Amino acid sequence: MTDNGQVKIRTERLNLHYGAFHALKDVDMAVPPRMITSIIGPSGCGKSTLLRCLNRMNDLIGTARVTGRILLDGKDILAGGTAMTSLRRRVGMVFQRPNPFPLSVFDNVSYGPRVHGELDRRRLAGIVESALRATGLWETLKDRLNEHALSLSPEQQQRLCISRLVAVEPEVLLMDEPCSALDPIATGHVEDLMKNLAQNYTIVIVTHNMQQAARVSDVTAFMYLGRLIESGPTKDIFVKPKEKQTEDYITGRFG
Amino acid sequence: MRILLEREIDRLKKLILGMSAEVESEVHTACNALLQRDDKTAQALIDDVDKVDTMELDVEEECLKILALHQPVAADLRYIVSVMKINRDLERISDIAVHMAERTLKIFAEPDLLLPAQLSDMSVRVQAMLKKVLDAFVRLDVEAARNVCMADSEVDTLNREVLRQVKEGVLRKPEQFDALLQVMHVSRHLERIADHATNIAEDLIYMVEGRIVRHSPEVSDKG
Ligand SMILES: Nc1ncnc2c1ncn2[C@@H]1O[C@H](COP(=O)(O)OP(=O)(O)OP(=O)(O)O)[C@@H](O)[C@H]1O
Ligand SMILES: [Mg+2]
């Protein structure tokens with residue numbers, strides 16, 4: 001997969017049914033650590049479904065039934081006895097529309113640590129500062145920590161949501177079309193932020209914007225009708241894909 | 001989106017085909033002028049020097065436009081990149097054909113000079129290589145492209161043989177030195193055209209297979 005072959009997350013024969021509908025079919029995917037992996041494919045192919053499997057968000061959907069294995073650092077997160085709070089702390093999710101809590105900036109970012117038991121005001125302030133620094137918000141917001149999060153611009157809100165995740169020191173960040181509500185300039189900023197975050201975190205991003213996948217990701221995975229058709233170094237996928245279906249999709253020949 | 005890109009690529013194809021035909025005909029003219037001692041044709045070629053340069057600019061502009069506006073990937077990207085390289089090679093071949101014509105006129109200044117027999121053999125082979133690779137480009141024929149790469153070494157051998165004869169000629173008839181020097185240059189020009197034809201063949205293989213074969217032992221017997 002990558003030069004040194006390290007794997008942070010590996011799915012093995014992952015299948016998901018929504019009731020009778022077979023949404024993921026025998027997906028074997030490897031996600032390398034501290035890199036950006038993008039998942040591309042036509043609408044409805046199962047990108048979001050696959051992403052949600054990686055921190056078991058599909059558990060919240062009553063009809064969803066999952067089989068196979070999902071190894072996080074070699075341990076199967078689908079196995080019985082997996083602690084959900086700890087899993088969701090290690091693997092966090094950023095959504096398409098920024099969804100800050102209707103609270104102050106400070107309370108948004110300190111929310112996770114408080115849930116996880118950090119109640120010391122001074123330590124919380126330190127965590128908030130470094131989480132906001134990690135997403136480039138600190139200089140702008142350090143004097144506005146008590147401001148309501150919903151008064152921020154869309155880009156700042158999305159950065160804030162990322163800060164909120166970073167505050168609980170996750171290992172993996174899942175992002176489902178994180179820039180689709182942002183204008184091109186804000187998108188550029190968030191892409192730059194993703195590149196910086198990838199030095200410390202494993203990032204998996206779903207995007208409809210193929211140029212974005214090409215620009216930011218190290219590894220690209222192409223899905224079609226619930227199957228993982230091909231995955232490999234992004235430069236190979238966009239210069240010389242192995243599978244004809246991949247070629248047809250990225251060159252716009254599909255459908 | 002795809003339809004718009006395809007339209008642009010079709011246009012580009014027409015441009016590069018037109019340029020290929022023009023360059024092929026220039027090389028043909030340069031060889032004929034030399035072998036048939038036709039100074040009028042040689043002069044005409046020299047006077048028509050701008051034609052391919054203009055075509056080269058058109059092709060390059062078209063490629064840059066497609067890259068900027070359509071951001072092609074995969075086979076489309078490899079096609080555009082290959083066309084940009086082939087465009088360069090064609091332009092260089094056209095320059096060389098004109099240089100050949102200039103040298104040819106200087107050779108004719110020595111009416112008694114006999115051209116080495118290998119020179120006509122070389123010109124036939126070089127023209128065949130060029131024709132073959134340009135046809136292969138149209139048909140995306142990788143096999144034919146590989147054969148062109150292989151043929152390059154025969155031209156190299158002939159070039160060395162011409163050099164040997166030029167050296168002998170200088171010893172026998174030192175008064176023909178200037179003209180013989182031009183013969184040597186013409187032979188070298190033909191050999192360069194074969195090199196450019198080989199470059200085009202390598203770019204074609206890359207375009208189709210996505211593998212860079214330049215400098216690889218598979219197709220070059222140079223190293
Ligand atoms: N909760 C659900 N119940 C039933 N079917 C679902 C559910 N969620 C998704 N699906 C179906 O599963 C398939 C995959 O959906 P998913 O949202 O993963 O696709 P996607 O690749 O993310 O699409 P998009 O690019 O439009 O976001 C689709 O056919 C969708 O209709
Ligand atoms: Mg989705």
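Quick notes
- Every residue from segment A:217-233 that is more than 10 Å from A:THR246 (Cα to Cα) and crowded, with 23+ Cβ neighbours inside 10 Å: A:SER217, A:VAL219, A:THR220
- Within segment A:56-97, tally of residues that are within 12 Å of ligand 1 (Cβ to nearest atom) and in contact with a helix residue (DSSP H, G or I) (Cβ under 6 Å, 6 or more places away or on another chain): 2
- Residues within segment A:213-225 that are over 22 Å from A:CYS53 (Cα atoms) and under 14 Å from the mean Cα position of the chain (by Cα), tallied: 1
- The single condition among (1) within 16 Å of ligand 2 (Cβ to nearest atom); (2) out of contact with any Asp or Glu (no Cβ under 6 Å at 6 or more places or on another chain); (3) within 14 Å of chain B (Cβ to nearest Cβ) that A:VAL204 does not meet is (3).
- Looking across segment B:56-75, just one residue is within 13 Å of another protein chain (Cβ to nearest Cβ) and within 19 Å of B:ILE200 (Cβ to Cβ), and that is B:ALA75.
- The set of residues in segment A:217-255 being under 18 Å from A:ALA198 (Cβ atoms) and more than 9 Å from chain B (Cβ to nearest Cβ) consists of A:SER217, A:ASP218, A:VAL219, A:THR220, A:ALA221, A:SER231, A:GLY232, A:PRO233, A:THR234, A:LYS235.
- Looking across segment A:16-55 at every residue that is among the hydroxyl-bearing types (Ser, Thr, Tyr) and within 17 Å of A:SER217 (Cβ to Cβ), the one that is farthest from ligand 1 (Cβ to nearest atom) is identified as A:THR37.
- Qualifying residue in segment A:91-108 (condition: assigned to a helix (DSSP H, G or I) and buried (at least 22 other Cβ atoms within 10 Å of the Cβ)): yes
- So A:ASP236, is it surrounded by fewer than 21 Cβ atoms within 10 Å (Cβ to Cβ), at pLDDT below 95, among the acidic types (Asp, Glu) and over 30 Å from A:ILE162 (Cβ atoms): no
- Candidates A:GLY112, A:GLY74, A:GLY92, A:GLY136 - the one that is more than 16 Å from ligand 2 (Cβ to nearest atom) and over 21 Å from A:MET175 (Cβ atoms): A:GLY74
- Considering (1) modelled with pLDDT of 95 or more; (2) more than 16 Å from the chain's Cα centre (by Cα); (3) farther than 23 Å from B:ASN87 by Cα, the lone condition that B:LEU114 does not fulfil carries the number (1).
- Any hit, segment A:17-39, residues being within 16 Å of ligand 2 (Cβ to nearest atom), within 14 Å of chain B (Cβ to nearest Cβ) and in contact (Cβ under 8 Å) with a residue 40 or more places away in the chain: yes
- Failed item in (1) farther than 17 Å from B:MET207 by Cα; (2) within 17 Å of the chain's Cα centre (by Cα); (3) surrounded by 18 or more Cβ atoms within 10 Å (Cβ to Cβ), with B:LYS51 passing the rest: (3)
- Restricting A:GLU155, A:GLU177, A:GLU171, A:GLU139 to those that are of a type in the set (D, E, K, R) and buried (at least 21 other Cβ atoms within 10 Å of the Cβ) reduces the list to A:GLU155.
The values are calculated or read from the model by the stated rules, or taken from the named source; none is laboratory data. Please read these numbers as outputs of a predicted model, since none were measured by experiment. Here the Cβ is made from the backbone with ideal geometry for all residues, glycine too, and neighbour counts use every protein chain on show.
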